[in-house]
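Participant: I'd like to ask you about the structure that follows.
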Amino acid sequence: MIKLIKTALPELEITPEQEKKLQLYYQYLVKQNQIMNLTTIINEDEVYIKHFLDSGLLLKELSLSKEMTVSDVGSGAGFPGLVLKIFCPTIKLTIIEALEKRCLFLQRLVMKLQLKNVEIIHARAEEYSREHAESFELVVSRAVANLGVLLELVVRMVKTSGRIICYKGSNVKAELQAAQKTLSVLNLKLEKIQHETIPQLGERNICYFIKTEATSKPYPRRFNQIKKFPIG
């Protein structure tokens, strides 16, 4: 399966050391998945395609520069953040995850993979965002939350002129349409949508947003307010 990743992402020039880390990642993921619910995908081919390859797709469009500050919000079992860290080892990665047991898994995994400059934070995204305004050049998320909700949760933590990248499925047009007011209020601009169709993965739409101005104080609101009273 590493051949498929190399074919789909030739610009990465994946090294033997990175191959080894991905294999170790897979083995530890499957082992720990027997103890805690990390993923429903455990077949090796599917993990490589639906998790590893999917996580790396944004690298076709965006170069993660040396020591770029990156946050992965709602990372779950480490996707896409830890895969991006394996492919781009010089970035400074902060993973924000609300479930403590997943944070413990991620901490152990980071040690096993011998990854440096990775911080695992047990926190709710909106609370962390309020306390760490303008902290990251890039925020990424594969979380399944509605686009408008997700953008409000993370917008404050992104630096002005920084990016938010969200992985979405085939319903992206409807979500974007519903989020137009949210984009305006939060000073976000849709930069582009990266369309990908890969066998076994299906349609993938990766949305790139740029933060044009600092976030005004009310945002993000408390999670129950965001859910009950979306901006849009």
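Here, each number is a calculation from the coordinates, and none is a lab measurement. These figures come from a predicted structure and were not determined experimentally. Positions of Cβ are generated from backbone atoms using ideal geometry, with glycine treated the same way; all protein chains shown enter the neighbour counts.
Participant: How many residues, within region 162-219, are among the basic types (Lys, Arg), without any contact (Cβ under 8 Å) to a residue 40 or more places away in the chain and surrounded by fewer than 16 Cβ atoms within 10 Å (Cβ to Cβ)?
Facilitator: Going through region 162-219 one residue at a time, the tally reaches 3.
Participant: Looking only at region 149-165, which residues are hydrophobic (A, V, I, L, M, F, W, C) and in contact with an Asp or Glu (Cβ under 7 Å, 6 or more places away or on another chain)?
Facilitator: Selection gives LEU153 alone.
Participant: For region 39-144, which helices (runs of 4 or more DSSP H) that fit wholly inside it have 3 or more residues that are surrounded by fewer than 18 Cβ atoms within 10 Å (Cβ to Cβ)?
Facilitator: 44-47, 100-113, 125-131
Participant: Every residue in region 127-144 that is in contact (Cβ under 8 Å) with a residue 60 or more places away in the chain and either within 24 Å of ALA174 (Cα to Cα) or not acidic (Asp, Glu) (or both), please.
Facilitator: Correct list: SER129, ARG130, ALA133, SER135, PHE136, LEU138, VAL139, VAL140, SER141, ARG142, ALA143.
Participant: Can you tell me how many residues in region 159-186 are part of a strand (DSSP E or B) and in contact with a Cys (Cβ under 9 Å, 6 or more places away or on another chain)?
Facilitator: Looking only at that region, the number is 5.
Participant: Next question. Are there any pairs, at least 6 apart or on different chains, whose C-beta atoms fall under 6 Å, with the first in region 145-158 and within 15 Å of THR212 (Cβ to Cβ) and the second among the polar types (S, T, N, Q) and crowded, with 24+ Cβ neighbours inside 10 Å, and if so, which?
Facilitator: Sorted first by the residue in region 145-158, then by its partner, the pairs are ARG156/SER129.
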